[in-house]
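The values are calculated or read from the model by the stated rules, or taken from the named source; none is laboratory data. Keep in mind that what you see is a predicted model, and the values were worked out from it rather than measured. With ideal geometry, Cβ positions are generated from the backbone for all residues, glycine too; neighbour counts draw on all protein chains shown. Surface areas here come from the heavy atoms of the whole protein model, side chains and all, with no ligands, DNA or RNA. Shrake-Rupley method; radii C 1.70, N 1.55, O 1.52, S 1.80 Å.
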Amino acid sequence: MKVLITNDDGIRADGLRSLYKALRERGHEVFVVAPMRQQSGVGHSLTFFHPLQASFVKDGDFEGTGVYGTPTDCIKLALGNLLPWTPDLVMSGINAGCNVGPDILYSGTVGAATEACHHEISSMAVSNNEFEHVDVMAKARHAVAMAEAIDWDNVPKRRVININYPKGPLAEAKGVRVCPQTSAVWQNSYEERTDPRGGRYWWILGEVPQDDVNAGTDMALVKSGYITITPLCFSFTDKTGLACLEKMAIPGTPAASNEKK
C-alpha cells in the first residue's frame, strides 16, 4: 500500500516514528507529513492567517516533511501539493493518550484522519492510553496488521476507523472489541492562578465522570484493557431533528411570505 502518515504530537514523536518503521517493515511505501510542533487538542482546525512553511526532516532511517501548522494542514498540503501519488491509506498517530468519547471532537489525531476521509481516502486514527514515554513498537506493528486485515472496499466511504490501545504492553491487552463511542462528556474545570505581575490565568483540568460512561463503549472498554475499534462518520445532519423542524411553524422572510399570497 501507499500510506500517508501524520499525527498531532509532532514529527519527532515516538508514536509516529514507530508507525513509520512498522509500515516499512511490511514493505509499504510511506510518506510522512506531520506538524513540526506539538498540536494536541487542535481538532480539525486550519491555518488561515499566515502562510504554511515546511522543512524536510531526516533522522537515520526516518525521513519526512515537517509542517509549521495543524494536522489538518498537513493532510491538505500533502494531498494538494506534496505527495507524488494519491495514498491508499492515511494513518494518523500513534497518539500519546487515548482518543475516545468527547476527545474525538478535540483530537488533532482524529482531525487529520477526518480530513482524509472527506476526500474518500481510507483512514485510521491510532492512539495509546499512555502519556509517559513508552515503547509502542509492538502496538505499531499490530495497528499495521489491522490496517492490512481490514477490507477497505467494504468500509463505507467517508469513515474514520478509530483505534485505541489500553495502557500497558500489547501482550497484556484482553482482546479487540468493535464498539461505539461513549456519549459521556467532560465536566469542565479550570484552576485559576496568578502570574508574577498579578494577572490571572487558568489551567484546564476537568474529567469525564465515570458514572456517565456507557458500558460497552470505547472509553469503558479501553480503560478495562481492551483494544477498541470505533468507526466514525462526520455527516452532522440530524435527520430526526430535520423532520421535527420541518413540522414547525417557523417564521419565513417577508419575500417568502409575499410569494404565498
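Computed over Cα pairs, the Kirkwood radius of the chain leads via Stokes-Einstein (1.002 mPa s, 20 °C) to a diffusion coefficient of 108 µm² per second. Relative protection proxy for 109-116, 87-94, from highest mean packing down: 109-116, 87-94 (other beta-carbon atoms within 10 angstrom). Relative intensity of the stretch 1-154 on a log10 scale, I(q)/I(0) at q = 0.09, 0.17, 0.20 Å⁻¹, equals -0.23, -0.90, -1.30, per a Debye sum over C-alpha point scatterers of equal strength in the absence of solvent. Under the membrane-span-like helix rule (DSSP H runs whose alpha carbons stretch at least 24 Å along the helix axis, mean Kyte-Doolittle hydropathy -1.0 or higher), the chain yields none. Accessible surface comparison of Met36, Met248, Met219, probe 1.4 Å, protein chains only, largest first: the order is Met248, Met36, Met219. Structural descriptor for the chain: relative contact order 17 percent, calculated from alpha carbon pairs under 8 angstrom and at least 6 residues apart. To the nearest 10, the accessible area of Ser224 is 60 Å² with a 1.4 Å probe. Each residue of the stretch 171-182 was assigned a 3J(HN,Hα) from its phi angle through the Karplus curve 6.51 cos²θ - 1.76 cosθ + 1.60 (θ = phi - 60°); the sequence is 4, 8, 5, 7, x, 10, 10, 7, 8, x, 6, 6 Hz, with glycine and proline shown as x. Working from Cα pairs under 8 Å separated by at least six residues, relative contact order for the stretch 53-93 is 24 percent. Shown are Asp153, Asp212, whose ranking by accessible area with a 1.4 Å probe and every protein chain present, most to least, is Asp153, Asp212. Here the gap between Phe236 and Tyr68, fully extended at 0.36 nm per residue and compared with their Cα-Cα distance, gives a gain of 57.5 nm.
Apply the Debye scattering formula to the stretch 3-87, with a single equal point scatterer on each alpha-carbon and no solvent, then give log10 I(q)/I(0) at q = 0.12, 0.13, 0.17, 0.26 Å⁻¹. Rounded to two decimals, the profile gives -0.31, -0.37, -0.63, -1.40.
Its Cα centre serving as origin, the stretch 164-211 has a Cβ charge dipole (Lys and Arg +1, Asp and Glu -1) of approximately 140 debye.
Taking a point 7 Å from the Cα of Ile150 along the Cα-to-Cβ direction, the residues of the stretch 216-237 with backbone N closer than 18 Å to it are 218-219, 222, 227-235.
Taking the dipole about the Cα centre of the chain, with the C-beta of Lys and Arg at +1 and of Asp and Glu at -1, give me whichever of Asn81, Val178, Gly60 is farthest to the positive side. Final value for the positive-end residue is Asn81. Among the protein heavy atoms of the stretch 116-200, carbon and sulfur supply 48% of the accessible surface, probe 1.4 Å, non-protein parts ignored. For the stretch 46-119, the alpha carbon convex hull comes to 123 Å³ per residue, rounded to a whole number. Looking at the chain, the accessible area is 56 square angstrom per residue; that uses a 1.4 Å probe and ignores ligands, DNA and RNA. Once backbone amide H atoms are built at 1.01 Å from N, Ser123 has Val90, Ile161 as its partners under 5 Å, excluding neighbours fewer than 5 places away on the same chain. For the stretch 67-212, averaging the sequence separation of C-alpha pairs within contact (under 8 Å, six or more residues apart) and dividing by the residue count gives a relative contact order of 22 percent. To the nearest 10, the accessible area of Trp203 is 140 Å² with a 1.4 Å probe.
The dipole here belongs to the chain: it is taken about the Cα centre, uses +1 on the Cβ of Lys and Arg and -1 on the Cβ of Asp and Glu, and is about 440 debye. Remark: spin-label model distance Ser55-Lys157 equals 3.9 nm, labels positioned 7 Å along the Cα→Cβ axis.
Taking θ as phi - 60° and the Karplus parameters 6.51, -1.76 and 1.60, the scalar couplings of the stretch 203-215 work out to 10, 6, 10, x, 7, 8, x, 5, 5, 8, 7, 5, 4 Hz in sequence order, x denoting glycine and proline.
Pairs exceeding a 25 Å alpha-carbon distance, out of Lys76/Lys167; Lys76/Lys157; Lys2/Lys58; Lys157/Lys239; Lys157/Lys223; Lys21/Lys167: Lys76/Lys167; Lys157/Lys223.
What is the diffusion coefficient of the stretch 101-254 in µm²/s, taking the Kirkwood radius over Cα pairs and the Stokes-Einstein relation at 10 °C with a viscosity of 1.306 mPa s? For these conditions, the coefficient is 87 µm²/s. Dipole of the chain computed with +1 at Lys/Arg Cβ and -1 at Asp/Glu Cβ about the Cα centre; of Thr240, Gly27, Gly111, farthest Cα towards the positive end is Thr240. From its DSSP helices (H runs of at least four residues, each -39,500 (n - 2.57)), the chain gives a residue-normalised ellipticity at 222 nm of -7000 deg cm²/dmol.
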